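K.L.:
Just dropping this structure here.
The values are calculated or read from the model by the stated rules, or taken from the named source; none is laboratory data. Everything numeric here is computed off the predicted structure, so don't read it as measured data. Cβ sites come from the backbone with ideal geometry, for glycine too, and all protein chains shown count toward neighbours. Ligands, DNA and RNA are excluded from the accessible area calculation, which covers all protein heavy atoms including side chains. Shrake-Rupley method; radii C 1.70, N 1.55, O 1.52, S 1.80 Å.
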Amino acid sequence: MSTFIEKQTVISGAGQSDIGRRLFRDPLELTLDACLAAIADAGLTTKDIDGVATYPGPMSIPPGFSGAGVVDVQDALRLELGWWSGGIEAPGQLGSVINACLAVAAGLATHVLCFRSVYEGSAQGTKGRASTMPGSGGGGSFRASGFMEWTLPFAAPSAAPWIALMAQRHFHEFGTTREQLGQIPLNARKNAALNPKAIYTDPMTMDDYLNVRMVSTPLSLYDCDVPCDGATAVIVSHVDTVADLAKPPIHVEAVGTALRGRPSWDQFDDLTTMANRDASAQLWGRTDLTPADVDLAEMYDGFSFIALTWLEAMGFCGHGEAGPFLEGGTNIARDSGVLPLNTHGGQLSAGRLHGYGFLHEACTQLWGEGGPRQVAGDPEVGVACAGGGPLAGALLLTTHR
Amino acid sequence: MADSPAPTADLPFRILPALTDLNREFWTAGTRGELRFLRCNACGYYNHPPTAVCPVCHSKDLAPSTVSGRATLHTYTINHQAWMPGPELPYVIGIVDIPEQADLRLTTNIVNCAHDDLVIGMPMRVTFEIHADGEDVIAIPLFEPDRTSA
Ligand SMILES: [Zn+2]
């Protein structure tokens, strides 16, 4: 298994800016806060950084979706780069980090700064997500094209109904229930209470979950993540540099990036799973470890149902078995001893940092830096998984090689 | 084209598709009561969303082909969120399976069906909502329960 080149890379540092529902701060400033924190965390300086990767690169729409691109950061920190890459066409948000691993293993760079920056909270202001929808101005002249051609004419402009359609199909085929799915947001809220940077920390009960307003059945408000402002950064370094680093390295044991089904939210071959099915299978084909070796899982929960499909895809339960696996919530609880899930509160309660929050939290836990939310027992193996629908990228991380 | 039918009465606001040479028949054939997909003349594959090259045999000999208009409900969601101007809330978004080909699906709205009567797998049939916008008359394919097929 030593031939898989991601094993030549480590996560050497991680950092995060302030995070808030609406900070009204300069998004590049937030980005640089996270980047400089990650560089310092690794014991490096900006002179050491010779690569930059980001997702999705500069974008002005939807509002607040991207706080900075590669060249913004390169110029702001006067970096000299051997390799760089930013873009939205990638295996999920963490595809950018996986790209960095490949670049480091290929010798194009030694220390790659990877970041994701959002300010959707401020950008949406008080108008909420509906303000970001195409055609929300209500004019008659806008015409839909691309994938939106097949959803906008049916008043389905958001991933909420797209994911709801998948969830309903899963409920139908496997008998999954809202009470089972609801364990994901309940667990997230419980963990968020121990995370000083989390957005929502008030206790949530199953009654709260079942009685909150519906968005798109079977998904309610609490099945949807919360837009926020904030930036996250990690440093991917070559394993040969670990002696120069400030902290014990977190090894990249395996990655998964596959997309084998149609790249579509409604034409994918099996709507009870997602591209994460194939990315996960690929990941397990690149390591001798198995799901039983994993001590904690940080899994994309832009909608609760996406995390449910990641649990199945990564093999923590069988396809269609996530409902019983989630029943009662004990399997995913911090102190479960089975599979602590989204130990920072996920995007559902800690904020929509869009993929990178999961990698940051996996590293935090593997470094033993979780403070009050630290998983007991010195976890050694974790997974960070990001993306939903046709987007999926996953990293298997270990403290030892 | 024959005389276009009058736009459907009491239309909800809809964002209409940008018409192209590839998609025009899909979005306008409903004005004649037909549901049409681009189909490969070489291998028979229905190619949706339409592209110029058949994804199966790579032939460029594709032409619109009319299907029965029947479908089965693959999944649905009752949408309560006002994302945009549109049908009266709550409205039903569905994905239907088109029986002419195993992987042929459409996202659509399910209409003329009480929410309590929605059942995955139920037989559906197409019905069109006609919108006029400038030069274009566009027929949005919606689906309703097919009570004739029982
Ligand atoms: Zn063909």
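K.L.:
Looking at (1) at the interface with chain B (Cβ under 8 Å from one of its Cβ atoms); (2) at pLDDT 95 or above; (3) open to solvent by 40 Å² or more (accessible area, probe 1.4 Å), can you tell me which one residue A:136 breaks?
P.N.:
Only one criterion in (1) at the interface with chain B (Cβ under 8 Å from one of its Cβ atoms); (2) at pLDDT 95 or above; (3) open to solvent by 40 Å² or more (accessible area, probe 1.4 Å) is unmet by residue A:136, namely (2).
K.L.:
Still on this structure, I have one more. With respect to the numbered conditions (1) at pLDDT 95 or above; (2) at positive phi; (3) within 12 Å of chain A (Cβ to nearest Cβ), which one is the sole condition not fulfilled by residue B:90?
P.N.:
Every condition holds for residue B:90 apart from (2).
K.L.:
Counting residues that are within 18 Å of residue A:309 (Cα to Cα), which strands (runs of 3 or more DSSP E) fully inside the range A:219-299 reach at least 3?
P.N.:
On the way: elements: A:229-238, A:250-256, A:296-299.
In the range A:219-299, A:296-299 are the strands (runs of 3 or more DSSP E) which contain 3 or more residues that are within 18 Å of residue A:309 (Cα to Cα).
K.L.:
Which of the residues belonging to the range A:144-165 are modelled with pLDDT of 95 or more and open to solvent by 20 Å² or more (accessible area, probe 1.4 Å)?
P.N.:
Those that are modelled with pLDDT of 95 or more and open to solvent by 20 Å² or more (accessible area, probe 1.4 Å): A:150, A:159, A:162.
K.L.:
Against the conditions (1) surrounded by fewer than 24 Cβ atoms within 10 Å (Cβ to Cβ); (2) at pLDDT 95 or above, where does residue A:306 fall short? Just the number, please.
P.N.:
(1)
K.L.:
Just to be sure before I move on: is residue A:272 polar (S, T, N, Q) and closer than 24 Å to residue A:98 by Cα in the structure I sent?
P.N.:
So residue A:272 does not fit the description; no.
Listed here are the residues, each with its yes/no results for (1) more than 13 Å from every other protein chain (Cβ to nearest Cβ); (2) surrounded by 16 or more Cβ atoms within 10 Å (Cβ to Cβ); (3) without any contact (Cβ under 8 Å) to a residue 24 or more places away in the chain.
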residue: B:19; (1), (2), (3): no, yes, no
residue: B:26; (1), (2), (3): no, yes, no
residue: B:40; (1), (2), (3): yes, yes, yes
residue: B:67; (1), (2), (3): yes, yes, no
residue: B:73; (1), (2), (3): no, yes, no
residue: B:76; (1), (2), (3): no, yes, no
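K.L.:
Hey, can you tell me all the residues within the range B:104-122 that are facing another protein chain (nearest Cβ under 7 Å) and surrounded by fewer than 18 Cβ atoms within 10 Å (Cβ to Cβ)?
P.N.:
Listed by number, the list holds a single entry, B:120.
K.L.:
All but one of (1) surrounded by 16 or more Cβ atoms within 10 Å (Cβ to Cβ); (2) closer than 19 Å to residue A:170 by Cα; (3) in contact (Cβ under 8 Å) with a residue 24 or more places away in the chain hold for residue B:138; state the number of the condition that does not hold.
P.N.:
The failed condition is (2).
K.L.:
Among residues belonging to the range B:15-54 that are among the hydroxyl-bearing types (Ser, Thr, Tyr) and within 12 Å of the ligand (Cβ to nearest atom), point out the one that is nearest to residue A:141 (Cα to Cα).
P.N.:
B:51
K.L.:
Got a number for residues in the range B:55-99 being farther than 18 Å from residue B:142 by Cα and either in a loop (DSSP other than H, G, I, E, B) or away from the ligand (no atom under 16 Å from the Cβ) (or both)?
P.N.:
The total comes to 12.
K.L.:
Turning to a different aspect of this structure: Between a first residue in the range A:359-373 that is basic (Lys, Arg) and a second residue that is in a helix (DSSP H, G or I), which pairs have beta carbons less than 8 Å apart while being 6 or more apart in sequence or on different chains?
P.N.:
A:373/A:191
K.L.:
Tell me whether the range A:159-176 contains one or more residues that are more than 9 Å from chain B (Cβ to nearest Cβ) and not in a helix (DSSP H, G or I).
P.N.:
Among the residues of the range A:159-176, at least one is more than 9 Å from chain B (Cβ to nearest Cβ) and not in a helix (DSSP H, G or I), which makes the answer yes.
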